[in-house]
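Participant: Can you keep this structure in mind? I'll have questions shortly.
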Amino acid sequence: MSAADARGKVLLFEGAADNMDRQELKMLCAAYGDVAFVDFSFGATTGYVRFRKGAAARNALAAFTEKPPEISGRTPAWRLLSNSESDEYWQSVQLKKQEPSLSTGSVTTAATSAPVEQEQGIVLAFDGVGPEADRESLYALCGFHGDVSFVDFNRGETTGYVRFKKHAAAVKALEHFTKSPVEVGGEAPTWRLLSNEEEQAYKEAVQQRLNERKRRRDGKEQSGQHHTESAPQEAGVVVAFQGAGPDAERSSFYDLCGRHGDVAFVDFSRDESSGYVRFRRHEDAVRAVESLNAASEAVGGSAPTWSLLSEEAEKEYKEAVQQRKQHKGG
């Protein structure tokens, strides 16, 4: 399984009870689909639930948003990790797996006590990608040469790193890119394999970044400032649709709109023909409206029309959503 395979399948929860049990959490989430793993330590108040299918994660989120469940006396907040957050989470999981375990027993055999050696020579650095380059295109390009563990790249930048699972795959990719340069985002970048010293320094820097993010998240948790409550919301992210078919489902809109960017929430009830899709970024919402209207793809048997809410309409919509939540809570 690669980082890309985890996208759209990982839910983050915050504000859980410190006596919550992992099995209790797994049983709750399993009602919406197969749960691959519950990443949670007893005594912690935040964690992750990774589902095997994106639809199950979205169904669980929709249910938890509409009627937040109380677990061990607390009602945690839930959200779906964005693609970039999911990639970073998967990277942290892989790094934890690679950490050599410390022997706590008395006498063990060499076969069981020796730490697993990490393969080296697996990180390629690239420089000079074009402005349209994204993490997905780099995954696809490099994945042709072998299994990719992670693509460390932010859109809008020109440099980054690709970590393969095997040294042979990294070498194969480097030889191909050197012999036959390939454009990424409109430009053909240069590639090189990190030396062992550079690779070690890179991995340490990555771990420091992950530790810093965890400290910031834990700090917000301790002060009661949950991410879902305190993070400023970008404007121009709500798309309205009308004319969906009678067989339309919320998961269909997640799948369709998710092709154009990270979807925060789909506000839609089955048997209705209209609703709203809230993206995380304005540019994704704009791109989605243009593409969806041009493609006229059917949802539930009919092709809906799409429009981006004006600033005033979006404000009114968000106020109406908040009133609905308060009404349900009351």
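The values are calculated or read from the model by the stated rules, or taken from the named source; none is laboratory data. Note that this is a predicted model, so its numbers are computed, not measured. For neighbour counting, all protein chains shown are included, and Cβ atoms are generated from backbone atoms with ideal geometry for every residue, glycine included. Protein only, heavy atoms only, side chains kept; ligands, DNA and RNA dropped before computing areas. Shrake-Rupley method; radii C 1.70, N 1.55, O 1.52, S 1.80 Å.
Participant: Quote the FRET efficiency, to the nearest 0.05, computed for residue 325 versus residue 17 with a Förster distance R0 of 22 Å and r equal to the Cβ-Cβ distance.
Facilitator: On the way: r = 22 Å, r/R0 = 0.99.
So the FRET efficiency works out to roughly 0.50.
Participant: Over the alpha-carbon set of region 5-48, divide Rg by the Kirkwood Rh and report the Rg/Rh ratio to two decimals. The partial results should precede the final answer.
Facilitator: Values: Rg = 10.4 Å, Rh = 11.0 Å.
Computed over Cα atoms, the ratio is 0.95.
Participant: Here's something else I'd like to know. Mind giving me the nanometre distance, one decimal, between the label points for residue 283 and residue 127, set 7 Å out from Cα along Cα→Cβ?
Facilitator: Reported label-point gap for residue 283 and residue 127 is 2.4 nm.
Participant: Please give the contour-minus-distance gain from residue 52 to residue 234: 0.36 nm per residue of separation, less the Cα-Cα distance, rounded to one decimal in nm. Walk me through the numbers on the way to the answer.
Facilitator: Working: separation 182, 0.36 × 182 = 65.52 nm, distance 2.99 nm.
Between residue 52 and residue 234, full extension yields an extra 62.5 nm.
Participant: Apply the Debye scattering formula to region 237-322, with a single equal point scatterer on each alpha-carbon and no solvent, then give log10 I(q)/I(0) at q = 0.12, 0.18, 0.19, 0.24 Å⁻¹.
Facilitator: -0.30, -0.69, -0.77, -1.23
Participant: Quick check of the Kirkwood formula: for region 287-330, what is the inverse mean of 1/r over all pairs of different Cα atoms, in Å?
Facilitator: On the way: mean 1/r = 0.0791 Å⁻¹.
Computed over region 287-330, the radius equals 12.6 Å.
Participant: On the full set of protein chains, 1.4 Å probe, figure out the accessible area of residue 175 and give it in Å² to the nearest 10.
Facilitator: Roll a 1.4 Å probe over it and residue 175 shows about 120 Å².
Participant: Volume per residue, Å³, of the convex hull around the alpha-carbon atoms of region 124-177? Provide the component values of the computation, followed by the final result.
Facilitator: Values: hull volume 3.5 nm³, N = 54.
That works out to 64 Å³ per residue.
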